[in-house]
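A short write-up of the structure that comes next.
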Amino acid sequence: MKKLLAGAAIALMTMSGVASADGHANYPERPVMMMVSYGAGGATDFQARIVTMTAGNEDALGMPIAIINKPGAGGRVGWNWFATQADNDGYTLSAYNVPHFIAQSIKGGVEYSAASFEPIANWGADPAVFVVGADSDFNSMADVVAFAKENPGKLTFSGAGLFVGHHIAALQIEKAAGVKMAYIPTKGGGAAAMKAVIAGDVLGGVNNLSDAFRAAASGSVKILGVADLERNEFLPDVPTMMEQGLDVDNSSVNFRGVMVPAGTPQGIIDKLAAKVPEMFANSRVAGKMKAGGSPMHIMTRDEVKAMWAAREETLKELLAGL
Amino acid sequence: MEFIYYFGEVFTPISFGLLLIGTIGGLILGATPGLSPTMAVALLIPFTFHLEAAQGLILLGAAYTSTVAGGAVSAILLKIPGAPANIATTLDGHTMAQKGRGAEALQLSFLASLVGGVFGVFLLIFLSPLLSKAALAFGPSELFWIAILGVTIIGSLDSNSVVKGLLSGCIGMWLATIGFDDIMGAQRFIFHSSLGGGINIIAALIGLFAIPQVISMFAKGRVEVDAEVIQIEKHSIFDAIRELTRRTRALSIGTAVGSIIGLIPGVGGQIAGLVAYDQSKKFSKESHKFGTGHSEGIIAAESANNAMVGPSLVPLLTLSIPGSPTAAVLLGGLLIHGIFPGSDLFDNNPDVAWTFIDSMLIGQILMCIFGLYIASFAARVSRVPQSVMAAVVLGLALFGSYSVQHSIGDVYVMATLGIGMYFLERFGFSAAPLVLGLILGPIAEANFIQGSMIANATDGRLAYFFTGNLNLLLVAIVILSIGYSAWMEISSRSDTKNEGTTS
């Protein structure tokens, strides 16, 4: 067994050796793997499968991208693996979720930071929204804040966990309104948090715009506000938090994109950074994303780099007191 | 009755072809250790990109139905439960196979799956709106009590000793705490990097069930060369049907338990089989035969895990809430075609919704037919010499645990737990209660923490966990269940005393 493993490792090393010798002109020469640090069926997994479906086309990478799920501990398991064990030969990509991984690295206990990864491109931006049950008395963020002021610490609202976009939005709302509310992190992601709102287990909740849009369409929830800089094309009638007098910016927006481990050859990074945004812009991809209610937001490597740096700064400040 | 109108759609050449592919492929994937129904359905998602919405869902629905049933094949023949749903099937199923009655065990399991599965889909067809309200009634406090109810059956699941059963359950619950805690993000017992994500349930299942068996097979092979020749009995399907009709109690308990548990979001099919097994054991007149290759055990477990398929889709199709990981993957299959589940689905896309549901009904029947066909070959497996069999099972265990999430860490976990379990088994502990602890621990913990957080913000813990009709009902069942186990233990002790004095 050991010999077999060693043999396989040597074979892999020689393969990657060959790849770096020829100046990456032929990259990629074999199918590429992309790790998603959430389970199959989650929003990140679902979108990753759509945006990579045209990778095999000649005008894209010319090689298919296979999705591999390494879920666990809010993404920490997958990103730990990616930062420490993944090969940096360009054949192992990963999906990222900002602010999740940056917030986790600030809180500590993980083996990565923003410096462990090199961004390639961003495909989507899913803002956090505030939802309440369809029969709730709350009709605007002002109602929510008024209730929270009268009953400090008694307004229960759900979200997908601690130190994820939902939690960041929750912290920002509390800070902006100057109130104390009871954030209830759920196990089982956004779907479980949404169920808690629909079933009336909690009075409200922070959730993904894409999931909330669907739940609102089926008549189970009302969406009171969007935690982003501008209104969203999926929900043109829902005002932003800022419009409602709450100073909440886009720090909690869930940006999804592709990255590689630090140390990946510059030639490969450049090639990916040029090709991948084009691949995302494919009309078939855009059609499927729109049909699924997933907001797209394509950003290039340089734009993502700036976005990561900006997030890191705001999050450090926001999480300092916790 | 709208669903009858759409049956025609299922029988168009393409749809029916996909149904066949999904069913046969699902049986094979389900029988492969390590490929849970969720993984199997996720693997098929890319193929649905190129199909129409209804056709894509037919493929996914058929695969879901038949992977759940297909898991019984490896559970019975190899003692590797393909998914948590099939744990209970190994208890009696593998014992039957060891006695050369593998064909009979498989026939019974597929027939029971058919009955349970069809009942579950009919619930989905006729009672969806009603059931969706019921599904929402289970908040954190109710789910906590359900998990505690599950804990109370840990003791009675082990046929040897209540104390050893409870101890195994405790070990399982401790193992469940390993890793990052999902709510607070605290790190617990992570002394090796492969434990960061906690113990993967599929890898644990493979290790706990398959490895002790492999070790004892190898050990036996050294001592006595081919001493054991198992007589293989051919078993007629009609006999199996007759057996099934004699065991209506186990069949109806299995079907009912599976349907109810399948409906509860977040608990899902993981424990349906085990709870049904335990309940039918308690109500059976021949409860002492359970665990020794008794047909009721298989019937209850398999009817339960297929009965759960239909109701588990109710929260998804009516409320757009995926109640199980598999439902979440199916949600992706719907979204990719721009169809939003919820009331919108039945109003605006009835052709998709009903064709999908109808295909699950036909899929159940196809699954049973192909399953029975497989069963006729299964007898040959027991003709394989033990040393070869051990090597095959070991290979499948390595492959299965690696393929869950392409992680060598899961293989380490599988091997460690397996070797540990081998020694535990020699001391009379068994794997089923341990696994139940592993499954229930996180459900109980997460819901208790969440419930406490809500309770602290509102009316206090006592009021939160002990008010409401459903809470009180569940607490009453928990007390009954504990009382029953205690009573059985005491009465069985006095039995042995009596035997001692009379003999």
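For the reader, a short list of remarks on this structure follows.
Okay, residues lined up against (1) modelled with pLDDT of 90 or more; (2) crowded, with 16+ Cβ neighbours inside 10 Å:
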| site | (1), (2) |
| --- | --- |
| A:105 | yes, yes |
| A:108 | no, no |
| A:115 | yes, no |
| A:119 | yes, yes |
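- Of the strands (runs of 3 or more DSSP E) lying entirely inside region A:102-214, those carrying at least 3 residues that are under 18 Å from the mean Cα position of the chain (by Cα) are A:117-126, A:128-133, A:204-208.
- When each of B:215, B:199 is tested for being within 14 Å of another protein chain (Cβ to nearest Cβ) and either assigned to a helix (DSSP H, G or I) or touching a residue at least 40 places away in the same chain (Cβ under 8 Å) (or both), the lone residue that passes is B:199.
- Of all residues making up region A:23-74, the number that are outside any loop (DSSP other than H, G, I, E, B), within 28 Å of residue B:198 (Cα to Cα) and within 10 Å of chain B (Cβ to nearest Cβ): 13
- Filter result (modelled with pLDDT under 90, under 16 Å from the mean Cα position of the chain (by Cα) and of a type in the set (Ser, Thr, Tyr)) within region B:301-327: B:312, B:324, B:326
- Qualifying residue in region A:219-228 (condition: part of a loop (DSSP other than H, G, I, E, B) and more than 17 Å from residue A:194 (Cβ to Cβ)): yes
- Residues that are touching a strand residue (DSSP E or B) at 6+ places or on another chain (Cβ under 9 Å) and on the phi < 0 side of the Ramachandran plot, drawn from region B:396-443: B:405
- Helices (runs of 4 or more DSSP H) (entirely within region B:1-110) containing at least 3 residues that are away from chain A (no Cβ under 14 Å) and surrounded by 24 or more Cβ atoms within 10 Å (Cβ to Cβ): B:13-31, B:53-78, B:87-98
The values are calculated or read from the model by the stated rules, or taken from the named source; none is laboratory data. Because the structure is predicted, anything quoted here is derived from the model rather than measured. Every residue, glycine as well, gets a Cβ built from its backbone with ideal geometry; the counts of neighbours run over all protein chains shown.
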